[in-house]
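The values are calculated or read from the model by the stated rules, or taken from the named source; none is laboratory data. Since the model is a prediction, treat every value here as computed from it, not as a measurement. Glycine also receives a Cβ, built like all others from the backbone with ideal geometry; neighbour counts cover every protein chain displayed. Heads up: the accessible areas ignore ligands, DNA and RNA and are worked out on the full protein's heavy atoms, side chains in. Shrake-Rupley method; radii C 1.70, N 1.55, O 1.52, S 1.80 Å.
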Amino acid sequence: MRELAPRTTSQLVFVELIGFRPGGTRVPHDRVETTANGTRLIVLAAAAAPDRTDVVIEWERRGDPASCPPDSNLLTHMNVTPLENGLTATIVIGTTELSATTMRRRAMHVSGRTIGATDAITFPPLASATDKVELHLNEGPREWHVSLDLAPGGVEAAALAAELTHDGVTVRATAVARHADELVVELEVEASRQIRLVGAPVPTPPRFSSTSDEDQRARTVEHRRVLGENSAQIALEYEDGGRSEEVRRLFSFEPQQAAPGGPYISRSVVIFDAPSADAGTATLVVPFVELNDREPSVTVDLRDVPIDVDLAVHRFRINSAERSGADERTVVVEVAPSASSPRFTQPARMYGTEKSNFAWSPNPKPGEPLSLTTTVGDPPIVTFTGAVLRVEGPLRLEIPLP
């Protein structure tokens, strides 16, 4: 009989849209918003923890997307790092200013009526006595200012110490909470190589302030219908035989590797429909973990296909390389089935004339060939770099439920 993972004595809270934070973390009383230059700014969530401050915001501009100021990059499709594209973000406390350390775009939408985006911003920690701050965002002459009233808050959570190591990969469940009608679990995966995938969740359509409950339900159903076939979701199994698959996942944008030569750690928050209140334990089931071995590389002349290729100790076969455009080739790659673990599933990338114009496959079906298309020169030379290695599950962790 496996021992149940204990709760630790650490006090935690869960902050929606942000994740788990230490007890005493301060959050806003309400959502706040302001509009300037025709663009609405909404503060969806914030968490002032002892070691950092996180803010999640939404931008919304109604009307024709082409009406955005011509010198603005704020709502351009490729703007995934706004701090590097003309935006500044600061928290102002009296005469003190704290500049954002990171800002990442979580989601974006464009329609005939609105254009919008959601961003996650990280700042240094606030002084412990701070209960009122100003959030300032600037893009050139355009400014948005909102006030945030902060107080200790969040949903009570329990720290966990569940851990399993298999084939060099360690999986940990580190926190759990009930929030509304959902059960929230913090998951941490550690490996010596870069972590590519932890299971394969169905992508959840992002929700914006303008999205109705009905539209969100319809979009979620359609996502699952179209994309569910290739998914392999994290699940919870209960003592009564019930099973619940994740409904969505909140990914961390933190670098996986804290220092060169150190381990890679991937963190996420996995959200399930909540079980009944009398469910005391559950088993968290991770279907697989995929890793990137970034070292191997091999160059191939496509005039030699079909050909067997050795990518360091990994072998695959190129079945064909048909023209798919003036300078493009679609390369069909097949990897022989293997019972080893970690198991080589595919080359990580393939490129031709330009390294930046690479092809990759996010989630190939086991045993089926995959197609990769890239631009080639004359002669048609391509380079394969990196190997994707899969640690097969299920990886199972027993956890107590709040």
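Taking the range 288-312 as the region of interest, how many residues are more than 29 Å from the chain's Cα centre (by Cα), assigned to a strand (DSSP E or B) and hydrophobic (A, V, I, L, M, F, W, C)?
Taking the range 288-312 first, the residues more than 29 Å from the chain's Cα centre (by Cα) are 298-310, 312.
Those left that are additionally assigned to a strand (DSSP E or B): 298-301, 307-310.
Among the residues that remain, those that are also hydrophobic (A, V, I, L, M, F, W, C) are: 298, 300, 307, 309.
Number of matching residues: 4.
Is one or more of the residues making up the range 35-42 more than 25 Å from Asp149 (Cβ to Cβ), open to solvent by less than 60 Å² (accessible area, probe 1.4 Å) and either in a loop (DSSP other than H, G, I, E, B) or not aliphatic (A, V, I, L, M) (or both)?
There is at least one residue in the range 35-42 that is more than 25 Å from Asp149 (Cβ to Cβ), open to solvent by less than 60 Å² (accessible area, probe 1.4 Å) and either in a loop (DSSP other than H, G, I, E, B) or not aliphatic (A, V, I, L, M) (or both).
What are the residue pairs meeting all of these: first residue in the range 102-117, first residue touching a residue at least 12 places away in the same chain (Cβ under 8 Å), second residue assigned to a strand (DSSP E or B) and aromatic (Phe, Trp, Tyr), Cβ atoms under 7 Å, and 6 or more apart or on different chains?
Here the result reads Gly116/Trp59; Ala117/Trp59, each pair linking the range 102-117 to a residue that is assigned to a strand (DSSP E or B) and aromatic (Phe, Trp, Tyr).
Any chance you could count how many residues in the range 361-402 are open to solvent by 20 Å² or more (accessible area, probe 1.4 Å), out of contact with any Leu (no Cβ under 9 Å at 6 or more places or on another chain), free of Cβ contacts under 8 Å to residues at least 60 places away in the same chain and not acidic (Asp, Glu)?
Looking only at that region, the number is 7.
Just give me the residues in the range 243-268 being aliphatic (A, V, I, L, M) and touching a strand residue (DSSP E or B) at 6+ places or on another chain (Cβ under 7 Å), in sequence order.
Residues satisfying the conditions are Val247, Leu250, Ile265.
Of Val331, Val335, which residue is without any contact (Cβ under 8 Å) to a residue 60 or more places away in the chain, touching a Leu at 6+ places or on another chain (Cβ under 6 Å) and crowded, with 20+ Cβ neighbours inside 10 Å? Write out each step before concluding.
Values: Val335 fails: touching a Leu at 6+ places or on another chain (Cβ under 6 Å).
The unique qualifying residue is Val331.
Report yes if Pro347 is on the phi < 0 side of the Ramachandran plot, open to solvent by less than 20 Å² (accessible area, probe 1.4 Å), at pLDDT 95 or above and not β-branched (Val, Ile, Thr), otherwise no.
For Pro347, the condition - on the phi < 0 side of the Ramachandran plot, open to solvent by less than 20 Å² (accessible area, probe 1.4 Å), at pLDDT 95 or above and not β-branched (Val, Ile, Thr) - is met.
Give me a count of the residues in the range 62-103 that are open to solvent by less than 30 Å² (accessible area, probe 1.4 Å), touching a helix residue (DSSP H, G or I) at 6+ places or on another chain (Cβ under 9 Å) and not hydrophobic (A, V, I, L, M, F, W, C).
Result for the range 62-103: 0.
If I filter the range 10-34 down to residues being surrounded by 21 or more Cβ atoms within 10 Å (Cβ to Cβ) and part of a loop (DSSP other than H, G, I, E, B), which single residue comes out as nearest to the chain's Cα centre (by Cα)?
Filtering the range 10-34 for residues that are surrounded by 21 or more Cβ atoms within 10 Å (Cβ to Cβ) and part of a loop (DSSP other than H, G, I, E, B), the one nearest to the chain's Cα centre (by Cα) comes out as Ile18.
With the requirement that a residue be more than 16 Å from Thr39 (Cα to Cα) and open to solvent by less than 10 Å² (accessible area, probe 1.4 Å), what does the range 136-151 give you?
To start, the set of residues in the range 136-151 that are more than 16 Å from Thr39 (Cα to Cα) comprises 147-151.
Result: Leu148, single match.
Could you pull out every one of the strands (runs of 3 or more DSSP E) wholly within the range 141-225 that has 1 or more residues that are without any contact (Cβ under 8 Å) to a residue 12 or more places away in the chain?
Correct list: 155-166.
Evaluate the following for Val285: is it assigned to a strand (DSSP E or B), of a type in the set (A, V, I, L, M, F, W, C) and over 30 Å from Glu239 (Cβ atoms)?
So Val285 fails the test.
Ala45 versus (1) under 17 Å from Thr211 (Cβ atoms); (2) surrounded by 15 or more Cβ atoms within 10 Å (Cβ to Cβ); (3) over 21 Å from the mean Cα position of the chain (by Cα); (4) without any contact (Cβ under 8 Å) to a residue 60 or more places away in the chain: which is the lone unmet condition?
So Ala45 meets the others, but not (3).
Considering the range 376-402 alone, what residues qualify as being of a type in the set (A, V, I, L, M, F, W, C), assigned to a loop (DSSP other than H, G, I, E, B) and closer than 30 Å to Ala274 by Cβ?
Passing the criteria: only Leu401.
Could you please give the count of residues in the range 226-243 that are modelled with pLDDT of 75 or more, within 21 Å of the chain's Cα centre (by Cα) and not in a loop (DSSP other than H, G, I, E, B)?
3
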